[in-house]
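Each remark here refers to the structure printed beneath this line.
The numbers here are math on the coordinates, done by the rules we state, and not lab data. The model shown is predicted, which means the values in this text are computed figures rather than measured ones. We place every Cβ from the backbone using ideal geometry, glycine too, and count neighbours over all the protein chains shown.
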Amino acid sequence: MNPVVGVAAFAAVSLATAVIGFYGLRISRTTGDFYVASRTVKPWWNASAIGGEYLSAASFLGVAGLILLSGTDALWYPVGYTAGYLMLLLFVAAPLRRSGAYTIPDFTEARLDSRAVRRVTSLVVVLVGWLYIVPQLHGAALAIRITTGLPAWVGPVAVVGVVCFTVVAGGMRSITFVQAFQYWLKLTALAVPIVFMLLALGGGDSAAAELPPPSTANPTALAPAGPYQIISLLVALLFGTLGLPHVLVRFYTNPDGQSARRTTLIVLGLLSVFYLFPTAYGMLGRAFAPDLARSGQADALVLLLPGRMIGGVAGDLLTALVVAGAFGAFLSTTSGLVVSLAGVISQDVFGGSVRGFRLAAVVSAMVPLGIASMTESQALAGSVGLVFAFTASTICPVLLLGIWWRGLTDAGAIAGMVTGGVLCGSAMVAGSVLGAAQTPSWLAQPAAWTVPAAFAVTILVSRATRGRVPRTMTRLMTRLHTPERPLATER
Amino acid sequence: MPDSPLLTAAAVAVIALAIAAVVAVGLKVLRSFRDLGTDAERATYQTLHAASRAGQHLRTGLNPAGAAKASKQLRSLLGCDALAITDTTGVLAWDGAGEELKPALMGLASKVFEGGHLAVIPAGELQLLAAGDGGVTLAPEVERAVVIAPIKTGARVVGVVAAFAPAAGAGLVRATGEVADWVATQVELAELDASRTLLMEAEVRALRAQISPHFIYNSLNAIASFINTDPVRARELVVEFADFTRYSFRRHGDFTTLAEELRCIDRYLLLERARFGDRVQVSLRIAPEVLSTVIPFLSLQPLVENAVRHGLEAKEGPGHISITANDSGAFAEVTIEDDGVGMDPDQLRSVLAGHSDGDHVGLRNVDARLRQVYGDENGLVIETAPGEGTLITMRVPKSQPRHDA
């Protein structure tokens with residue numbers, strides 16, 4: 001493959017991100033028009049931005065790779081990733097928006113009136129963010145290695161460099177528009193090549209004629225997943241989405257709770273459309289590129305398939321498009337997470353100054369870079385699934401019970417987060433020590449028992465420490481659950 | 001386990017840290033024993049220490065939680081069997097033995113509440129009184145004397161301290177009286193704290209929402225000039241003026257959203273433009289992410305008014321005001337810039353410090369409120385020089401769960 005293609009695609013995406021970040025706001029809004037409604041973000045835009053930030057390397061590369069490996073069982077991942085938003089819509093989006101808290105630590109501190117809970121939550125949020133950035137960087141390493149032949153470390157370093165530069169230089173000013181652009185970039189990057197590939201298959205006269213005959217057999221001969229694995233995975237993905245640090249902030253861009261709900265509805269649609277394409281890649285890959293599964297390169301399927309099936313200059317161009325989309329995925333998710341983490345770290349460690357925010361941004365990008373360079377890339381969708389399991393066992397119980405249960409106490413929240421974190425964390429460590437082949441399924445997919453355990457501990461400890469229910473509880477709960485005045489948008 | 005040098009190094013580091021911690025704690029304990037000196041010094045120290053610990057707990061006033069913690073310290077101070085603290089309505093805390101007396105205590109103390117003088121109930125009478133007042137029957141071995149001393153703030157008795165001991169010696173009686181007086185001082189301090197908080201709130205309220213009388217006068221004059229020449233516009237302006245005053249004079253809430261404040265500024269500028277015509281040019285760049293940020297009520301409008309009044313009014317030819325709002329990490333950053341005549345930094349400094357009543361009272365008002373609500377590090381930042389225009393930056397945390405817009 002032509003190495004220039006990969007580099008050019010990466011450079012183009014980075015440049016477009018930076019340019020929209022710096023100038024997007026300036027182009028559209030400089031007049032003296034005070035009409036606030038024209039300045040709010042329409043639900044469509046905001047939904048695209050949420051999609052752009054949410055669809056990570058796991059969705060772009062990992063899902064197709066997993067379908068190549070394990071067939072229809074892997075379809076639970078896109079189902080879970082999408083349905084998580086349904087949970088968000090039903091249980092969290094509107095109340096949290098009304099709380100006035102911008103980050104999860106802010107929310108827990110306000111709800112439980114306790115600095116200690118804030119510290120523990122901050123710690124967990126930072127941990128989750130770092131764990132979530134690592135697979136993005138693994139994806140970048142893979143993409144650079146496959147498409148340009150450069151050493152793998154170049155990819156993560158480049159992604160972290162671009163993210164740090166745009167955040168520190170203030171390029172995230174019109175972050176909503178950047179992220180919305182990223183969603184449509186990712187969708188185009190997957191949709192256009194697949195159309196061409198299907199045309200080539202249907203035509204039968206081009207390069208596709210020289211392809212090997214479709215091998216319908218299961219290329220890896222993996223056993224299908226049992227009901228335990230599927231339930232556990234769905235628990236992780238459904239509950240994990242609730243606590244992701246970069247997802248919640250987006251809802252404040254909506255002018256009111258009603259449009260926040262509409263946004264979530266559109267997000268559901270956008271995600272469903274998006275996941276059609278990785279699924280199609282996976283199925284095509286199973287038919288035409290089963291060797292990738294055997295050589296352990298399943299995650300590179302999306303990057304390699306267009307070149308294999310079309311070939312020539314057209315193939316190179318389509319590959320460039322896919323690479324651009326992949327880097328869009330790494331950049332958007334990483335920058336969204338870095339901005340959220342930097343907000344939390346700068347407030348808790350550096351006292352919230354502008355300089356502190358920049359420093360925190362660099363810290364929150366550098367640590368995962370260190371971890372990523374020391375670890376090996378596992379299956380992307382699987383490692384992101386584990387991060388979801390961790391979030392579901394730590395942040396999710398506190399968030400859900402905090403919104404819907406009056407009896408939650410600070411002691412219960414801390415006990416629940418620590419229990420969930422220790423259980424899920426040790427399952428993750430045990431899984432990586434044992435290796436994929438030796439890990440029993442209850443350790444590989446821990447969410448089905450760690451999430452209930454965390455909920456149970458939170459509730460029991462809260463019951464035991466009934467006297468610690470904060471005095472501000474009633475006021476805050478009223479605020480969470482009564483409709484807010486609409487943001488003044490009419491003139 | 002694999003013998004990697006990294007693991008060995010980590011283990012050595014952990015062990016070294018543990019040893020260092022143990023040595024440091026040991027040294028500290030040793031030193032505290034060595035430094036305490038004579039018995040008298042130690043007794044003084046212990047008394048003062050107990051008093052200061054109890055004082056901390058009482059600083060929130062007479063409430064069950066604080067009183068419960070303080071009563072432990074005070075009992076060790078007096079060396080009595082049991083110690084109780086009450087307010088005027090009931091027993092707040094009981095530390096030590098004989099809790100079956102609790103229902104009777106308010107009855108026993110009724111004379112103290114009435115007269116405001118210390119009362120001593122000798123050992124023999126407690127049984128009878130308890131049975132009579134509170135209907136409490138005591139086991140024969142519960143045989144104690146009680147010293148009940150009033151907690152007086154000013155002339156008012158707000159509670160009592162009751163000390164239970166086998167015998168009420170002169171020492172215990174005097175000491176209990178002193179402890180009650182000391183508790184009274186703490187309660188007074190707590191009241192002082194509470195009234196200081198109230199004062200701060202009143203100050204914020206007084207600072208809030210002062211739209212300038214000049215503006216009302218000028219606007220009405222400007223509208224009047226249109227009544228004959230352009231009645232339609234005059235009518236529109238009156239409606240805008242009415243809406244502006246409705247927002248500015250609203251009574252509820254000390255906070256609003258950036259979007260609402262911008263709308264208020266829009267009306268304000270519309271009225272100013274009626275007066276100045278095209279001399280006022282405004283450009284606006286607002287990040288949609290911060291529109292719903294909560295800010296103090298009428299905190300931006302005075303800044304824009306300052307830009308119009310002191311930046312452009314005094315200047316010849318058209319003037320330009322630019323308003324931006326940006327997402328900056330955990331904060332929303334709002335800037336207001338004009339290219340007018342600027343200000344003298346020294347004079348501005350003295351106005352902001354409250355030393356002189358310059359024309360920039362609006363700025364001082366906003367600055368004081370921001371500092372009051374968000375802390376001293378989040379006051380206004382003003383960059384200006386004579387003839388160079390003015391740039392005002394305001395930073396507000398986005399997360400304010402305690403403030404309702």
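For the segment B:234-243, counting C-beta atoms of other chains within 10 Å of every residue's C-beta and taking the mean gives 0. Cross-link partners of residue B:102 among lysines, defined as those whose alpha carbon lies under 29 angstrom from its own and excluding same-chain residues fewer than eight positions apart: B:69, B:72, B:111, B:152.
Reducing region A:174-198 and region A:405-442 to their Cα centroids gives an inter-centroid distance of 35 Å.
Arrange A:164, B:80 by Cβ neighbour counts within 10 Å, fewest through most, would you?
Numbers: A:164 20, B:80 25.
Ordered from fewest to most neighbouring Cβ atoms within 10 Å, A:164, B:80 come out as A:164, B:80.
For B:403, B:252, which order do you get if you count the other beta carbons within 10 Å of each Cβ and list the fewest first?
On the way: B:403 16, B:252 6.
Taking fewest neighbouring Cβ atoms as first place, the list is B:252, B:403.
The order of the peptides B:167-175, B:194-202, A:182-190, A:135-143 by mean Cβ neighbours within 10 Å, most packed first, is A:135-143, A:182-190, B:167-175, B:194-202. Mean Kyte-Doolittle hydropathy of -0.5 or higher plus an axial Cα length of 18 Å or more: which whole DSSP H helices in chain A meet both? For chain A, where a helix must reach 18 Å along its axis and average at least -0.5, the hits are A:3-28, A:115-148, A:154-168, A:175-203, A:227-240, A:257-288, A:312-349, A:354-374, A:380-404, A:410-434, A:447-464. Summing Lys and Arg as +1 and Asp and Glu as -1 over all other residues whose Cβ lies under 12 Å from the Cβ of residue A:381 gives a net charge of -2. Within the same chain, aspartates and glutamates fewer than 8 places from residue A:186 are excluded, and of the rest, those with a Cα less than 19 Å from its Cα are A:53, A:299, A:316.
Modelled label positions at residue A:475 and residue B:349, each set 7 Å beyond Cα in the direction of Cβ, lie 3.9 nm from each other. Around the amide H of residue B:332, modelled in the peptide plane, lie the amide H atoms of B:396, B:398, all under 5 Å away and 5 or more residues distant in sequence or on another chain. Taking amide H positions as modeled 1.01 Å from N, with prolines and chain starts lacking one, the residues under 5 Å from residue B:255 and 5 or more places away or on another chain are B:297.
Relative to one another, the C-alpha centroids of region A:140-166 and region B:164-188 are positioned 75 Å apart. Looking at region B:184-273, the chymotrypsin sites (Phe, Trp or Tyr not before Pro) that sit in a DSSP loop and have at most 15 other Cβ atoms within 10 Å of their own Cβ are B:249. Can you compute the FRET efficiency between residue B:224 and residue B:46 using 1/(1 + (r/R0)^6), with r the Cβ-Cβ distance and R0 = 56 Å? Round to the nearest 0.05. That pair, residue B:224 with residue B:46, gives E of 0.10.
Per residue of B:327-340, count partner chain C-beta atoms within 10 Å of its C-beta, then hand back the mean as an integer.
Numbers: counts 11, 6, 18, 15, 7, 1, 1, 0, 0, 0, 0, 0, 0, 0.
Taking all residues of B:327-340 together, the mean is 4.
Taking other C-beta atoms within 10 Å as the exposure proxy, B:352, B:62, A:276 rank A:276, B:352, B:62 from fewest upward.
Taking a ≥ b ≥ c as the square roots of the eigenvalues of the Cα gyration tensor, the protein assembly as shown is classed as oblate, since a/c reaches at least 1.5 and a/b does not exceed b/c.
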